[in-house]
1. Tally the residues that are over 13 Å from residue 137 (Cβ atoms), part of a helix (DSSP H, G or I) and modelled with pLDDT under 80, restricting the search to the stretch 220-245.
2. Name every residue in the stretch 111-128 that is farther than 21 Å from residue 243 by Cα and either in contact with a Ser or Thr (Cβ under 7 Å, 6 or more places away or on another chain) or crowded, with 20+ Cβ neighbours inside 10 Å (or both), in order of residue number.
3. Filter the stretch 174-223 down to residues that are closer than 25 Å to residue 161 by Cα and among the aliphatic types (A, V, I, L, M), then give me how many there are.
4. Which residues, taken from the stretch 1-52, are buried (at least 16 other Cβ atoms within 10 Å of the Cβ), in contact with a Phe, Trp or Tyr (Cβ under 6 Å, 6 or more places away or on another chain) and more than 18 Å from residue 79 (Cβ to Cβ)?
5. Going by what's in this entry, would residue 179 be described as touching a residue at least 24 places away in the same chain (Cβ under 8 Å) and small (Gly, Ala, Ser)?
6. Looking at 31, 66, which is the one that is in contact with a Leu (Cβ under 8 Å, 6 or more places away or on another chain) and at negative phi?
7. For the stretch 176-189, check the following and say yes or no: at least one residue is at negative phi, surrounded by 15 or more Cβ atoms within 10 Å (Cβ to Cβ) and within 13 Å of the chain's Cα centre (by Cα).
8. Of the conditions (1) more than 30 Å from residue 231 (Cβ to Cβ); (2) modelled with pLDDT under 90, residue 57 satisfies every one except a single condition; which number is it?
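The values are calculated or read from the model by the stated rules, or taken from the named source; none is laboratory data. Every value quoted in this text rests on a predicted model; they were computed, and no experiment measured them. Heads up, the Cβs are rebuilt from the backbone with ideal geometry, glycines too, and the neighbour counts pull from every protein chain shown.
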Amino acid sequence: MTFWEHLDELRKVLFRSAIVIFVLMIVVFLNKSFVFDKIILAPANEDFFLYKYLPGFEGFNLDLINIELSAQFFTHISVSMALATILAVPYILYQFWSFVKPALYENERNAVRKAFGFASILFFIGVVVGYVFVFPLTVRFLGSYQVSAAVANSISLKSYISMFTQLILIMGIVFEMPALALILAKLGIISASLLRKYRKHAFVILLIASAIITPSGDAFTLMVVAAPLYMLYEFSILICRGINK
């Protein structure tokens with residue numbers, strides 16, 4: 001195939017992915033009450049299931065306000081787009097797999113095929129971890145933190161939704177680390193001994209990466225994000241060790 005033929009195939013992949021995202025976006029958009037009341041705004045209330053198992057979370061309720069006329073409508077659209085993209089990740093990865101597959105040798109094809117399937121699972125695990133643990137703990141800490149009792153917190157809907165979508169997507173993306181390690185180990189680029197050798201360096205790099213990708217920039221959220229990242233690094237070592245054997 002020529003360069004332009006490759007571009008045409010890539011255009012088809014992107015077009016099919018966009019169609020699926022658009023269809024899912026409509027589905028999410030039409031289920032506004034369930035999506036917002038049962039999922040997105042659930043961590044803002046004391047009856048969120050995680051809070052039942054943690055001390056000091058009794059009576060926690062985050063009152064959200066809207067200060068822009070069109071903010072709620074555009075929030076509805078942006079959230080629908082974000083959730084549709086998350087739900088479409090397995091299909092998008094499959095499309096990109098079908099695009100790169102003809103360019104790979106047989107041994108590379110087997111390695112990358114497993115990694116793409118593994119990546120889909122890891123992405124949703126990251127989304128779940130972000131929703132169940134990282135985002136609620138961040139909301140609880142930042143939403144109730146006060147420099148003085150005289151200063152009440154009034155959290156805007158835009159701020160809450162921005163934190164929600166960014167943290168969920170970030171956790172889904174960073175959980176792809178073991179899938180990347182699987183590909184590189186299969187191709188002989190990295191090994192378990194190499195990752196163990198640079199474990200201390202990786203810890204510092206992961207802290208810096210957590211500081212960069214943390215939406216709020218506070219130390220608490222940084223540590224909440226950095227902890228799963230380092231656990232993923234150790235998991236990547238286990239994966240590479242199994243492949244090297």
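1. So the count comes out to 3.
2. At the first step, the residues of the stretch 111-128 found to be farther than 21 Å from residue 243 by Cα are 123-128.
Result: 123, 126, 127.
3. 10
4. If the condition is that a residue be buried (at least 16 other Cβ atoms within 10 Å of the Cβ), in contact with a Phe, Trp or Tyr (Cβ under 6 Å, 6 or more places away or on another chain) and more than 18 Å from residue 79 (Cβ to Cβ), then 13, 51 are the ones that fit.
5. yes
6. 66
7. yes
8. (1)
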